[in-house]
Amino acid sequence: MTATMTAVVQFDLKPGAVEVREMPIPEIGDDEVLLKIGGVSVCGSDVHQYHGTQSWPVATPVVLGHEFGGTVARIGSRVKGFREGDRVVSETAAYVCGQCMMCRTGAYNLCPHRKGFGYGINGAMAGYVRVPERCLHHIPDHLPFEKAALTEPCCVGYNAVIEKSNIRPGDTVVVLGPGPIGLLCAEMARLAGAGTLIVAGMSQDKSRLAAARELGVTHAIDLQETDLKELVYSVGDGLGAHLIVDAAGASAALRTALEVVRPAGQITKVGWGPQPLGFSLDPLVQKAVRLQGSFSHTFQNWEMVVSMLASGQINLKPIISRIGSLEEWKNCFDGMHDGTYVKAVLQP
């Protein structure tokens, strides 16, 4: 009899097509490990896929979940760097070609053939997942899996703010969108020495803005109550923000960013959204602003973030709102969708 496991599966592209199913425990190849899941956090993209609002291709049926860690349960014959019982976290690039210019120069996150866990290949909202050895990073025994599961979104924030942005101590930094990625971008900006650090959201983001205040930002504002432009131009030298991180996804956020960025400043866009722009980009030219996209992360990002999590340098306490079982996935998805939870983690 084939051994089975419980998994959270998206079985169709229509809204609401997610359910718990029993599935066979995966078989592994020579260069793979079978990972027993210790924790998998719910990403906004999982919630988008549940509601059918994603702007990326999804190969259904697929097990959801790409932010995860666990214990190595079995290793393939060619696996050399890991042993059964090792505690690890995994990167999200489940498949890359390994041959293109991006792969060969270390930017495999930008491989045109990349397939990620949870939308292109079965993910980690399950008892077990098969993972290529190249995706794995060791974690220390004292780092609990509910925190380790957030390594991936921390890496997204690290790549966007530390690697892709120019930020210096004392800079005025604005983060648009207080979802988990926005909050972790704010945390990275705080660690990098931002002087005035502003996180902006909407009225429905009350719990997320409260988390931003716990993280120690200078201002956490509701855009329906506070004039962001007036606030930004009232601090520092009055020229505007040095860096805007657009973690909102909606195209209107980019318009706001162009209004409050200073001349020769930078906008880093990390939020996804399918909407057309519908406004002029002339301020980008007039202010000579650098507009930078940031996607995913690299091996170096992961090694740095694991170290930062292990030392307690990254504060996750205000961000993890709920820890539940796989069977409680819907409560966790709904809670993140309506803003009740900032971040939920599932533990099989």
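Coordinate-derived values only; no laboratory data. Please read all numbers here as calculations on a predicted model, not as lab measurements. Note that we place each Cβ from the backbone using ideal geometry, even for glycine, and neighbour counts take in every protein chain shown.
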Along its principal axes, what span do the Cα atoms of segment 10-52 show, with the longest given first and each in whole Å? 36, 20, 17
Run the helix sum for the chain: -39,500 (n - 2.57) per DSSP H stretch of 4+ residues, divided by residue count, reported at 222 nm to the nearest 500 deg cm²/dmol. -6500 deg cm²/dmol
Rounded to whole Hz, the Karplus (6.51, -1.76, 1.60) HN-Hα couplings of segment 82-96, x for glycine and proline: 9, 10, 4, x, 5, 8, 9, 10, 10, 5, 9, 6, 4, 9, 9
Helix axis angle, 180-191 relative to the chain longest principal axis, alpha carbon, degrees: 60
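Send over the Kirkwood Rh of the chain, from the inverse of the averaged 1/r over different Cα pairs, rounded to one decimal Å.
One decimal place: 20.6 Å for the Kirkwood radius.
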Ranked packing of 295-301, 206-212, most packed first, by mean Cβ within 10 Å: 206-212, 295-301
Could you check what % of the DSSP bridge pairs in the chain are antiparallel, to the nearest 5? 55
Enumerate the lysines that Lys229 could reach by cross-link, defined here as Cα to Cα under 17 Å, with residues fewer than 8 away along the same chain left out. Lys287
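Is the shape of segment 157-293 rounded, prolate or oblate, going by the alpha carbon gyration tensor and its root eigenvalues a ≥ b ≥ c, with a/c under 1.5 for rounded and a/b larger than b/c for prolate?
Values: a/c = 1.28, a/b = 1.13, b/c = 1.14.
Since a/c stays below 1.5, the shape of segment 157-293 is classed as rounded.
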As a footprinting exposure proxy, order Lys164, Lys269 by other Cβ within 10 Å, with the fewest listed first. Lys164, Lys269
For Phe279, Phe82, which order do you get if you count the other beta carbons within 10 Å of each Cβ and list the fewest first? Phe279, Phe82
For Thr4, Thr105, what ranking results if the residue with the fewest other Cβ atoms within 10 Å of its Cβ goes first? Thr105, Thr4
Can you work out the Karplus-derived ³J(HN,Hα) for every residue in segment 305-313? Use 6.51 cos²θ - 1.76 cosθ + 1.60 with θ = phi - 60°, whole Hz, and x for glycine or proline. 5, 4, 4, 5, 5, 5, 8, x, 5
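Can you tell me how segment 228-348 classifies by the Cα gyration tensor, rounded, prolate or oblate, using a/c under 1.5 as the rounded cut? If you can, show how the numbers build up before the last one.
Numbers: a/c = 2.18, a/b = 1.72, b/c = 1.26.
Judged from the Cα gyration tensor, segment 228-348 comes out prolate (a/c at least 1.5, a/b above b/c).
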For Lys14, go through the aspartates and glutamates and keep the ones whose alpha-carbon is under 14 Å away, minus same-chain ones fewer than eight residues off. Asp46
